[in-house]
Ligand SMILES: [Zn+2]
């Protein structure tokens, strides 16, 4: 009962926090720069066994990485409301029974039973968004392998590049611990804060837009892409592990900001190392997810 009460209190705090940030979040999601360099780094480290049309799509895949942020618009409410919750996952409010659901609808149903009134808003849909797009990409690669009509093949190639690029956005979002937590823009009210982490609601922007935009380049990320791609046979387990690992870095992010606040002028090497590590984690995961969609689309032997 105590837990249930705490969760309801937390839910209210999260609703307020998410509501407060929504107006500014269109510009505060790894920023255009972070998304673009992470997407480009992934696209320039593709195995030569992948189809040539895909390996030649580097510029387009980089361009598409920030695309879902271009859909964020307070003036276009139907579109914004439909997709804005795909950008994050707040692990603090999600029981294992919810994340074990097969799809986003089952997940939302379980969360509603735990007391969340607006589970899509209070918990976020990032995990399922990644799975959905990865399954779509795998399907498209499978069609590409079997379609013999040259014109249809070109159409499928456009679908593949576009969906791979959009997948890239959400994978990259997941690399930022801010996107895996209720503490997405300063430590949330209603939660214990014994280490006195900042409650500053410009933190999200200062880290991923201001600092990354001014201090991180493609050349910082590219050498961090592993030479050998991983085949993620069990995508679901791998994506979960990736998002949980990112969440495990949340307090480190707050501690770094305590020592040297993130902004355009920050030169502390440990702040830079953290941002590079996170952006590279996103780019590695993205490259491996693209590669795995290709491999998993092959007919069973
Ligand atoms: Zn996003």
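The values are calculated or read from the model by the stated rules, or taken from the named source; none is laboratory data. In this text the structure is predicted, and so the values were computed from the model without any measurement. Please note: Cβ atoms are built from the backbone with ideal geometry, for glycine as well, and neighbour counts cover all protein chains shown.
Within the stretch 48-69, restricting attention to residues that are assigned to a loop (DSSP other than H, G, I, E, B) and within 16 Å of the ligand (Cβ to nearest atom), which residue is farthest from residue 146 (Cα to Cα)? Selected residue: 66.
Please tell me if residue 132 is surrounded by fewer than 19 Cβ atoms within 10 Å (Cβ to Cβ), closer than 22 Å to residue 176 by Cβ, within 16 Å of the ligand (Cβ to nearest atom) and touching a residue at least 24 places away in the same chain (Cβ under 8 Å).
Values: surrounded by fewer than 19 Cβ atoms within 10 Å (Cβ to Cβ): yes; closer than 22 Å to residue 176 by Cβ: yes; within 16 Å of the ligand (Cβ to nearest atom): yes; touching a residue at least 24 places away in the same chain (Cβ under 8 Å): yes.
For residue 132, the condition - surrounded by fewer than 19 Cβ atoms within 10 Å (Cβ to Cβ), closer than 22 Å to residue 176 by Cβ, within 16 Å of the ligand (Cβ to nearest atom) and touching a residue at least 24 places away in the same chain (Cβ under 8 Å) - is met.
Across the stretch 177-228, the number of residues qualifying as touching a helix residue (DSSP H, G or I) at 6+ places or on another chain (Cβ under 6 Å) and within 16 Å of the ligand (Cβ to nearest atom) comes to 12. Inspect the stretch 97-118 for any residue being surrounded by fewer than 21 Cβ atoms within 10 Å (Cβ to Cβ), modelled with pLDDT of 95 or more and closer than 22 Å to residue 39 by Cα and give the result as yes or no. There is no residue in the stretch 97-118 that is surrounded by fewer than 21 Cβ atoms within 10 Å (Cβ to Cβ), modelled with pLDDT of 95 or more and closer than 22 Å to residue 39 by Cα.
Being within 30 Å of residue 255 (Cα to Cα) and either in contact with a strand residue (DSSP E or B) (Cβ under 8 Å, 6 or more places away or on another chain) or in contact (Cβ under 8 Å) with a residue 12 or more places away in the chain (or both), is that true of even one residue in the stretch 137-156? Give the derivation first.
Quick first cut of the stretch 137-156, residues within 30 Å of residue 255 (Cα to Cα) only: none.
Within the stretch 137-156, none of the residues are within 30 Å of residue 255 (Cα to Cα) and either in contact with a strand residue (DSSP E or B) (Cβ under 8 Å, 6 or more places away or on another chain) or in contact (Cβ under 8 Å) with a residue 12 or more places away in the chain (or both).
Scoring residue 83 on the criteria (1) modelled with pLDDT of 95 or more; (2) exposed (fewer than 15 other Cβ atoms within 10 Å of the Cβ); (3) more than 11 Å from the ligand (Cβ to nearest atom); (4) under 30 Å from residue 110 (Cα atoms) leaves a single failure, condition (3).
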